[in-house]
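*Asks:* Just dropping this structure here.
Just so it is clear, none of the values below were taken in a lab; they were calculated from the coordinates. Computed from a prediction, not measured in an experiment: that's the story for all the values here. So basically every Cβ, Gly included, is an ideal-geometry build from the backbone, and we count neighbours across all protein chains shown.
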Amino acid sequence: MKSGEELADAAIQLAMYRLAYSKLHGIALENISAAFHYIPANETIRPADLLSEKEIAELITAVELG
């Protein structure tokens, strides 16, 4: 199970999936929740602060600019 920095990094990917689902299905982002479910431990982890669309765009821009 991920924790700490690994979980923070994975939460970026989860936020991107959430944004993609929002766009594909025309659902407001704030109406979509997202979580990780670890089957062997039967535990669900819901990151508290998933990135918004603006924050994802800013992160991508920062990565592109190096």
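*Asks:* Could you work out [θ]222 nm for the chain from helices alone, using -39500 (n - 2.57) per DSSP H run of at least four and dividing by all its residues? Round to the nearest 500 deg cm²/dmol.
*Replies:* Values: 2 runs with 35 residues, N = 66.
Helix-only estimate at 222 nm: -18000 deg cm²/dmol.
*Asks:* Which of Ala41, Ala28, Ala20 moves most in a GNM of the chain, Cα contacts under 10 Å?
*Replies:* Ala41
*Asks:* In whole angstrom, and with the biggest value first, how far do the Cα coordinates of the chain range along each principal axis?
*Replies:* 38, 31, 16
*Asks:* Suppose R0 equals 22 Å; then what is the FRET efficiency for Tyr21 and Glu58 from their Cβ-Cβ distance, rounded to the nearest 0.05?
*Replies:* Efficiency for this residue pair is about 0.65.
*Asks:* Right, something else. Arg46 to Asp9: extension gain in nm, 0.36 nm per residue of separation minus the Cα-Cα distance? Provide the component values of the computation, followed by the final result.
*Replies:* Details: separation 37, 0.36 × 37 = 13.32 nm, distance 1.36 nm.
The Arg46-Asp9 span can extend by a further 12.0 nm.
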